[in-house]
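Down below is the structure, laid out as structure tokens.
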Amino acid sequence: MKKRETDMRTLYLYLFSLLTLAIPSLAAAQEAVFHAARLEEGMMTRENSERKRTMTLKIDEGAESEDIEINSTVTARKNETILALEDGAPRTLRVVFDEFTLVQSMETGETETQKRPTIGKAYIVEHGDTGILVHTEDGSPLTAGEEEFLMEEYDKMSPEHTFRRLFDGRTLRIGDKVDLGDERGNEFLQSISPSPAGEIADFSLTLRELRSVNGRECGVFDLAMSILVDNEQVAMQMKTKGEVIVERGSCLPVSLVIEGPMDLILTSEGLSLSGTGTVGLRSSYVYEPPAAGKRAK
């Protein structure tokens with residue numbers, strides 16, 4: 001009996017020692033350092049995105065009123081290759097759209113489809129000293145539609161990737177909130193939405209978990225973001241929530257899922273328009289090293 005008690009006590013001590021050793025390892029696994037590794041010329045980013053918006057509008061014009069339901073979806077697939085860097089940040093990009101389709105439909109049955117820019121055509125986008133410069137790779141002139149589209153798409157292009165600047169050097173534990181402040185919150189908004197209308201009113205980014213995505217160690221964040229537009233003609237509010245996945249070794253986004261309700265009021269020269277609806281964005285990103293990027297040209 002004494003031998004059995006001794007054996008059991010030894011077993012308990014052994015198990016306790018294992019648990020004690022496991023606790024620090026578990027704690028360490030719940031903490032992560034985010035580091036923006038150096039970018040290289042030739043690196044390619046493949047981006048797939050879908051933006052959706054639904055809106056029921058009430059139009060009041062004098063004594064008459066009308067309700068209209070509008071739905072729009074933008075589907076895009078594009079490749080961006082870094083052609084030139086300045087101080088470690090992208091200066092010039094080669095951009096090719098494999099797909100860009102805007103579909104707008106109304107409850108009347110009317111549907112409008114726009115495809116811009118030219119699919120498969122290579123464009124050069126450069127962050128110049130005085131702003132964004134765009135032209136075609138083969139030297140052919142840009143159409144008015146192409147130039148307008150590219151200037152709008154890259155109007156907020158930063159010489160340094162916003163995600164890298166926002167996350168680089170941060171050490172975070174599960175449950176930590178990333179405090180960006182209003183200015184950097186607006187930078188975040190600009191990085192995920194070309195020419196965004198509005199300013200950040202409330203912003204929260206909380207690390208929910210650490211996990212591997214396609215073999216890369218990532219942080220998964222819960223996002224809550226309120227956007228306001230308030231001027232003489234337009235008052236609009238969007239309250240969105242979602243998920244943001246960021247690669248820990250590069251501070252580049254892996255995926256974004258953002259959605260929420262939208263309210264709108266517009267007044268102009270006797271016309272009053274109000275509406276409620278939803279907005280949504282889903283994007284995913286794949287990064288290829290320089291050799292792969294050059295082969296894809």
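What follows draws every value from the coordinates through simple rules; no lab data is involved. Here the structure is a predicted model, which is why all the values come from computation and not from measurement. Note that we place each Cβ from the backbone using ideal geometry, even for glycine, and neighbour counts take in every protein chain shown.
Some observations on this one:
- Modelled label positions at K121 and L266, each set 7 Å beyond Cα in the direction of Cβ, lie 2.8 nm from each other.
- Each of D67 and E148 was given a label point 7 Å from its Cα along the Cα-to-Cβ line. The distance between the two points is 3.3 nm.
- Measuring how big the range 200-282 is from its alpha-carbon positions, Rg and Dmax come out at 17.0, 58 Å.
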